[in-house]
Amino acid sequence: MFFEYPQLLWLLAIPVLLVALYVWKELKDRRPHLRVSTLTPWKEGGRSILGIIRHVPYALRIAALSLIIIAIARPRSATEMEKVDTEGIDIVLAMDVSTSMLAMDFKPNRLNAAKDIAVEFIAERPSDRMGIVVFAGESYTQCPLTTDRATLINLMQDVQTDLIEDGTAIGNGLATAVARMKDSDAKSRVVILLTDGVNNMGAVTPQDAAEIAKTYGIRVYTIGVGANGEAPYPVLTPWGNEVRNMKVEIDEDLLKNIADMTGGKYFRATDNTKLAEIYSEINRMEKTRTTIDSFPVYKDLFPKYAIAALVCLLLEILITVMLRKMP
């Protein structure tokens, strides 16, 4: 057994001091207040059971305090070992954050729908290292490869438009995602590239980025996001925001070419349901299982000590009430 917060065990000095104080007071109160010729009657009577029982509530209170201190120090055990399957895959989610992702053909809009479904995808793959790259007119890494799901999900939820120059630099986004994992030794490396537009900016062309990904053996799954035809889009006017239908333009040929070059696959998402199905399909396709031996299984012992402390407190209350009712 070990403790997550062993420094808290110093608090066990408190119940020791309380016991010492209690014993000192008991001895002090036993000093005689009456002079008698002989102690024989008291010696023969011995100690009554009631005299012993009256100390039990205090002993239970000290025991409860000690157990609570041990509990908050978070005792844990790691004696059990097991074999654990893990995926052995590195995945980077490359997401378009241009202002066109605010179109409302998805609910509530393309960007928020993509974020929500990506969070579900992240949660379903607890053993993989994953990262996030965002791009518009330029690109940057929102989160490097990590197994910290809480951090990854928080950073995904923080993704928004207007943080970088607007535009659609698909090549830059893909190149940044590839750079995040080019030195990875994972058995499988994957980029999921999601965009709703046509490449119109960037220092790296999408074809060159795809060639780099192919060189490093990185598969790219591309997702074109947007309804067919037109989509409602919020437009700022002198009278405030207005929703207008705008033409949907996605370079599907380019996205198919990127996927084909790298051994991936192209998908078209026209609504929330279809996008969720696409992530589910990618989730099923990317399964490369390996086994890790002798993985420790940690067991939290906090509940046992907390329950024991509660039992001691309840017994203290019960015995105290019984003693008060006795003649």
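Going through (1) touching a strand residue (DSSP E or B) at 6+ places or on another chain (Cβ under 7 Å); (2) open to solvent by 20 Å² or more (accessible area, probe 1.4 Å) one by one, D253 falls short only on (1).
On inspection, V297 fails the criterion of being modelled with pLDDT under 95, of a type outside the set (S, T, N, Q) and open to solvent by 60 Å² or more (accessible area, probe 1.4 Å).
Yes or no, residue by residue, for (1) touching a Leu at 6+ places or on another chain (Cβ under 9 Å); (2) part of a helix (DSSP H, G or I); (3) open to solvent by 50 Å² or more (accessible area, probe 1.4 Å); (4) modelled with pLDDT of 85 or more:
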| site | (1), (2), (3), (4) |
| --- | --- |
| L236 | no, no, yes, no |
| M246 | no, no, yes, yes |
| T273 | no, yes, yes, yes |
| K287 | no, no, yes, no |
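Among residues of region 218-234 being in a loop (DSSP other than H, G, I, E, B) and not polar (S, T, N, Q), the one that is nearest to D208 (Cα to Cα) is I218.
The requirement of being surrounded by 10 or more Cβ atoms within 10 Å (Cβ to Cβ) and either at pLDDT below 85 or over 24 Å from I69 (Cβ atoms) (or both) is satisfied by E26.
Results for (1) under 26 Å from the mean Cα position of the chain (by Cα); (2) in contact (Cβ under 8 Å) with a residue 60 or more places away in the chain; (3) within 27 Å of E124 (Cβ to Cβ), shown as yes or no for each residue.
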{"residue": "D166", "(1), (2), (3)": "no, yes, no"}
{"residue": "T176", "(1), (2), (3)": "yes, yes, yes"}
{"residue": "A179", "(1), (2), (3)": "yes, no, yes"}
{"residue": "R189", "(1), (2), (3)": "yes, yes, yes"}
{"residue": "A203", "(1), (2), (3)": "no, no, no"}
{"residue": "I212", "(1), (2), (3)": "no, no, no"}
{"residue": "G224", "(1), (2), (3)": "no, no, yes"}
{"residue": "D253", "(1), (2), (3)": "no, no, no"}
{"residue": "N257", "(1), (2), (3)": "no, no, no"}
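Among the residues of region 233-270, which ones are over 16 Å from D96 (Cα atoms) and charged (D, E, K, R)? Passing the criteria: E242, R244, K247, D253, K256, D260, K265.
The values are calculated or read from the model by the stated rules, or taken from the named source; none is laboratory data. Keep in mind that this is a model prediction, so the values were computed, not measured. Positions of Cβ are backbone-derived with ideal geometry, glycine not excepted, and every protein chain shown enters the neighbour counts. Calculation scope for accessible area: heavy atoms of the full protein, side chains included, ligands and nucleic acids excluded. Shrake-Rupley method; radii C 1.70, N 1.55, O 1.52, S 1.80 Å.
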